[in-house]
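Notes follow once the structure below has been shown.
The values are calculated or read from the model by the stated rules, or taken from the named source; none is laboratory data. Quantities reported herein were computed from a predicted structural model and do not represent experimental measurements. Here the Cβ positions follow ideal geometry from the backbone for every residue, glycine too, while neighbour counts run over all protein chains shown. For the accessible areas, the whole protein counts, side chains as well, though only heavy atoms, and no ligand, DNA or RNA atoms are used. Shrake-Rupley method; radii C 1.70, N 1.55, O 1.52, S 1.80 Å.
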Amino acid sequence: MSRKYKFHNKAGLYFVSFATVYWLDIFTRQVYFNVLANSVTYCRAHKGMQLYAYCFMPSHVHMVFRSSNERPMELLRDFKKYTSKKLVETIANNSQESRKEWLLWLLERAGKKSSNVSQYQLWQHHNQPIELWTDKVIKQKINYIHNNPVVVGLVTDPVHYKYSSARNYQDDHSVLEIDDPGFMG
């Protein structure tokens, strides 16, 4: 792994992106978005996650976050481990999931290819953390996150995408709370 893609400053602010295996469009149903949102809420309340921007896309997640207890790698590892197990369980138990067998087959196939996975693998292993150190870079990454649904054609305005902090920046905290980005001035 490249040196630039590691958590070197444990107290730093980071932009991370991580995707599902095979870039599967898992997040197409409310119940799966709920798993991510509930997990973020838990991590904010109990694991020291400070979240400043996010976007849950159909096949991947973007976040700008910091670990208040200076354990960003462990925080992200635990988040991905928990959401992976919970999402596989939710897919398996979702009677409305028309893609159930296919999704579980692909997740199991990915798990068999990985030496450190016991059965199913939902997330790709890398996170590509990029430390954010200036207001200009922070704003650039937040704009990238918020515009991601527009670029791929899901919406025409970032605020219209339900699972994005673009809504929070317009004082709509109805989907997910984020921390005050007051450090940006």
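Condition (residue is touching a residue at least 40 places away in the same chain (Cβ under 8 Å), in a loop (DSSP other than H, G, I, E, B), open to solvent by 40 Å² or more (accessible area, probe 1.4 Å) and over 20 Å from Leu24 (Cβ atoms)) applied to region 129-145: is it met by at least one residue?
yes
Of all residues in region 146-158, those that are open to solvent by 50 Å² or more (accessible area, probe 1.4 Å) and in a helix (DSSP H, G or I) total 2.
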